[in-house]
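A.B. asks: For reference, the structure I am asking about is given below.
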Amino acid sequence: MSTALLTDLTIFILSLWVGFEVISKVPATLHTPLMSAANSIHGIVLAGAMLIAVTANNAVGYVIAFVAAAFAAMNVVGGYVVTGRMLKMFKRRPAAPAVPAADGSTNGRSA
Amino acid sequence: MSTFSWITQLLYVLAASCFVLGLHMMNNPATARRGNQVSTTGMVAAIAVTLAIVIHAGAITATGWTVMLAGTLVGSAVGLYYARTVQMTAMPQLVSVFNAVGGGAAALVAIHDYMRLTDAGIHVQTSTTVTTLLDVIIGSVTFSGSIIAAGKLQGVITSAPVTFPGARVINALLAVVVLGTGGYLIATPSLLGLLAVIIAALVFGVLMVMPIGGADMPVVISLLNAFTGTAVAMAGFVINNWALIIAGALVGASGGILTKLMADAMNRSIRNIIVGGFGTGDTAVAAIAGSGSIQSVTADDAAIQLAYASKVIIVPGYGLAAAQAQHEVAALADVLESRGVDVSYAIHPVAGRMPGHMNVLLAEANVPYPQLKEMDDINPEFARTDVALVIGANDVTNPAARRAGTAISGMPILDVDQAKSIIVIKRSMGHGYAGIDNELYSDPKTSMYFADAKTALIELTAAVKTLVG
């Protein structure tokens, strides 16, 4: 077993724990944007797709590199944009941003 | 290690830190948007570093450049188009497609690396073979499984569970093919062997998702999301890239947590789902004598109850999402609020078709997020509530879950029956997913308003307006 594999494994396991800690604090309200943000983040595989383009030297290799880059870029860009679109819709009370919720105050028109 | 490698590795770690920070900032709707931007900054940094590595390596051919840039451009354009145009009701399909392409890309990276090694006749180390196999298997299952899931959500493939005799035998055979060939590949590298594994994994992905019914989709999407992350992390092992390992692990953890939450909320164990297959079991019906009579109510009577309440909790369920009535419910809430009624929404974790889906639909209809309450926060408030308005939610409101011996025993539910009175908008007395009678409907405090969610809400809003003048 090589040192590189051991290092990779250490990083993987610690990242899993960090992930569990951080993500368990995300409220259920935001679980859908969380998933599309996760889509964007696993688009990091674009880095992998770029690196295989370096060693590609035949037709099959080029096709694989092209498809991998397209798939991954779709994740990065699509995931980021749609997450932003959703999060933009999450607003506190439109008129008075500082008012805390659920006190039933007459808030006038709120559309 | 060269200075260049040092710098690139450190920048990858910086990018990964941005991902962690970005996800951390999603713990509050107020900071979530900035969080998304922080993780994207990390992504841009990671891509820039990779570009520098590609240039520094100097080995890339002109065709390589063209393929890389064209692929990135095409993918970005397609992603941008769908991200801009998708309806919020169609979010689960989009996330499924993103899961599919993520898993596919991760598998392709490992496949290409394996091809390069075997073509050049380089000895493939056991650790590389194992991570390649894991990446290719998980990535392929995710790819085909997510496409089927997206098809079911879109209605292209029937959302009813599709089962056929012998499915288990075929699954077992596929597992034998994957494990047998995998074991063989560790001893003898072979591209053909890897191809066999890929095909078996793709078929398995299809067979895994086909038997799943529409109601199980929140679990499936979460699980496939976790798979995608894991596949990306495995790709990181194969090409020895920390950024992929960390980002993949974060997404794997995220998908894992959501899968657990969804499975708990639907009263099923993850083990039962993975090993036993979806949409199976759960047919045992513990019939409870539904002797209580059902009272129905007209729009005008329901409007009177709502208009003169001081506290109303709206309980939206899958039926509301299916009827796309989120704007109508927000309009009713607006009218009630303008009368000084305290309105909030009780959101069960599996309301909607993916984790958190109902919140997005209501946010789109301009419902302020402080009114969207999670199950544990809202449950104590039902006792102080004058009217609970249940729209298209069934099993998640059934008090039978608190008793042992029913199909939903132990399932976390919204304590709707604690409210002083309950109005249920529902198309018919049909059963929910669990196939049992909902005891809430025969409660003397409950009145049933039989109509389609959208029509009912429009009528109710009109009736309240007339009443109030």
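Here, each number is a calculation from the coordinates, and none is a lab measurement. Here the structure is a predicted model, which means the values were calculated and not measured. We place every Cβ from the backbone using ideal geometry, glycine too, and count neighbours over all the protein chains shown.
A.B. asks: Please compute P(r) over all alpha-carbon pairs of region B:197-272, binned at 5 Å starting from zero, and give each bin as a whole-number percent.
C.D. replies: Using 5 Å bins, I get a P(r) of 4, 16, 19, 21, 19, 13, 6, 2 for region B:197-272.
A.B. asks: Can I ask one more? Sort B:395-407, B:57-69 by packing, meaning the average of other beta carbons within 10 Å per residue, with the highest value first.
C.D. replies: Top of the packing list down: B:395-407, B:57-69.
A.B. asks: Taking the Cα centre of the protein assembly as shown as origin, work out the dipole magnitude from +1 charges on Lys and Arg Cβ and -1 charges on Asp and Glu Cβ, in debye rounded to 20.
C.D. replies: Dipole of the protein assembly as shown, to the nearest 20 debye: 620 debye.
A.B. asks: Would you work out which of B:129, B:37, B:183 lies farthest towards the positive end of the dipole of the protein assembly as shown, given +1 charges on the beta-carbon of Lys and Arg and -1 on that of Asp and Glu, about the Cα centre?
C.D. replies: Ranked along the dipole, the leading option is B:37.
A.B. asks: How far is helix B:326-338 tilted, in degrees, relative to the longest principal axis of the Cα atoms in chain B, given as a value from 0 to 90 rounded to the nearest 10?
C.D. replies: The answer is roughly 50 degrees.
A.B. asks: What does the structure give for B:370-380 when I average, per residue, the other chain Cβ atoms found within 10 Å of the residue Cβ?
C.D. replies: Working: counts 8, 4, 5, 4, 3, 1, 1, 2, 1, 0, 0.
What the average comes to for B:370-380 is 3.
A.B. asks: To the nearest 20 debye, what charge dipole does region B:3-276 have about its Cα centre, counting +1 at the Cβ of each Lys and Arg and -1 at the Cβ of each Asp and Glu?
C.D. replies: 460 debye
A.B. asks: What does the average come to when, for each residue of peptide B:37-44, you count the partner chain Cβ atoms lying within 10 Å of its Cβ?
C.D. replies: Mean number of neighbouring Cβ atoms from other chains: 5.
A.B. asks: Can you give the mean number of other chain Cβ atoms that lie within 10 Å of the Cβ atoms in peptide B:224-235?
C.D. replies: Mean shielding count: 4.
A.B. asks: Right, another one. Where q = 0.11, 0.13, 0.17 Å⁻¹, what log10 of I(q)/I(0) comes from the Debye formula for region B:3-276, counting one point per Cα?
C.D. replies: -0.70, -0.98, -1.54
A.B. asks: Moving on to the next point. Under 20 Å Cα to Cα from residue B:426, which lysines show up? Leave out anything in the same chain fewer than 8 places away.
C.D. replies: Those lysines meeting the cut-off are B:445, B:454.
A.B. asks: Give me the distance between the Cα centres of region B:105-182 and region B:198-240, rounded to whole Å.
C.D. replies: Cα centroid of region B:105-182 versus Cα centroid of region B:198-240: 8 Å apart.
A.B. asks: Shape verdict for region B:19-144, please, from the Cα gyration tensor: rounded (a/c under 1.5), prolate (a/b greater than b/c) or oblate.
C.D. replies: Verdict is prolate for region B:19-144.
A.B. asks: If you take the alpha carbon radius of gyration of region B:299-468 and divide it by 2.2 N^0.38 Å, what ratio comes out, to two decimals?
C.D. replies: Normalised by 2.2 N^0.38 Å, the Cα Rg of region B:299-468 equals 0.94.
A.B. asks: Along the positive direction of the dipole of chain B (beta-carbon charges: Lys, Arg +1; Asp, Glu -1; about the Cα centre), which of B:112, B:213, B:322 reaches farthest?
C.D. replies: B:112
A.B. asks: Rank by packing, highest mean first: peptides A:68-76, B:2-10, with packing defined as the count of other Cβ atoms within 10 Å averaged across residues.
C.D. replies: So the order, starting with the most tightly packed, is A:68-76, B:2-10.
A.B. asks: Note down the magnitude of the dipole of chain B about its Cα centre, charges +1 on Lys and Arg C-beta and -1 on Asp and Glu C-beta and zero elsewhere, to the nearest 20 debye.
C.D. replies: Details: 22 positive and 26 negative charges, 128 e Å.
Charge dipole, chain B, about its Cα centre: 620 debye, nearest 20.
A.B. asks: Now a separate question. Test of understanding: what is the full-extension gain from residue B:308 to residue B:420, defined as 0.36 nm times their sequence separation minus their Cα-Cα distance?
C.D. replies: In short, 39.0 nm is gained.
A.B. asks: What order, most packed first, do the peptides B:193-204, B:317-328 have when packing is the mean number of other Cβ atoms within 10 Å of each residue?
C.D. replies: Ranking the peptides B:193-204, B:317-328 by packing returns B:317-328, B:193-204.
A.B. asks: Beyond 29 Å, how much of the Cα-Cα pair distribution for the protein assembly as shown remains, as a whole percent?
C.D. replies: I get 55 percent for the Cα pairs in the protein assembly as shown exceeding 29 Å.
A.B. asks: Cα axis of helix B:242-265 to longest principal axis of chain B: angle in degrees, 0 to 90, nearest 10?
C.D. replies: Taking the Cα atoms of chain B, the angle to B:242-265 is about 30 degrees.
A.B. asks: Based on the Kirkwood radius over alpha-carbon pairs, what value in µm²/s does the Stokes-Einstein equation return for the translational diffusion coefficient of region B:94-224 at 20 °C and 1.002 mPa s?
C.D. replies: 140 µm²/s
A.B. asks: What list of whole percents do you get for P(r) of chain B, with Cα-Cα distances grouped in 10 Å bins up to the one holding the largest distance?
C.D. replies: The calculated distribution, bin by bin, is 4, 17, 26, 22, 16, 9, 5, 1, 0.
A.B. asks: Still on this model: If Lys and Arg each add +1 and Asp and Glu each add -1, what is the summed charge of the other residues whose beta carbon sits under 13 Å from the beta carbon of residue B:106?
C.D. replies: Once all neighbours under 13 Å are counted, the net charge is -2.
A.B. asks: Kindly provide log₁₀ I(q)/I(0) values, in the same order as q = 0.15, 0.18 Å⁻¹, from the Debye equation applied to equal alpha-carbon scatterers of region B:372-432.
C.D. replies: Ignoring solvent entirely, the Cα scatterers give -0.46, -0.67.
A.B. asks: Within 10 Å, Cβ to Cβ, of residue B:29, how many net charges do the neighbouring residues add up to if Lys/Arg are +1 and Asp/Glu are -1?
C.D. replies: Numbers: positive: A:91, A:92, B:33; negative: none.
So the environment of residue B:29 carries a net charge of +3.
A.B. asks: Over the Cα atoms of region A:1-44, what Rg and Dmax result, in angstrom?
C.D. replies: In Å, with Rg to one decimal and Dmax whole: 13.8, 44.
A.B. asks: If contacts are Cα pairs under 8 angstrom and at least 6 residues apart, what is the relative contact order of chain B in percent?
C.D. replies: Normalised by residue count, the contact order of chain B is 14 percent.
A.B. asks: I've got another one for you. Report, in deg cm²/dmol and to the nearest 500, the calculated mean residue ellipticity at 222 nm for the protein assembly as shown, where each DSSP H run with n ≥ 4 adds -39500 (n - 2.57) and the sum is divided by the residue count. Can you show the working numbers first?
C.D. replies: Working: 20 runs with 356 residues, N = 580.
That comes out to -20500 deg cm²/dmol.
A.B. asks: Separate question: Using a Debye calculation, one point per C-alpha and no hydration shell, please list log10 I(q)/I(0) for region A:45-90 at q = 0.20, 0.26 Å⁻¹ in order.
C.D. replies: -0.62, -0.82
A.B. asks: Related question: Greater than 22 Å separation of Cα atoms is the criterion. Which listed pairs, A:88/B:373; A:91/B:465; A:88/B:260; A:25/B:420; A:91/B:373, meet it?
C.D. replies: In this structure, A:91/B:465; A:88/B:260; A:25/B:420 lie more than 22 Å apart at Cα.
A.B. asks: Select from B:85, B:13, B:392 the residue farthest towards the positive end of the dipole of chain B; place +1 on Cβ of Lys and Arg, -1 on Cβ of Asp and Glu, and compute about the Cα centre.
C.D. replies: Result: B:13.
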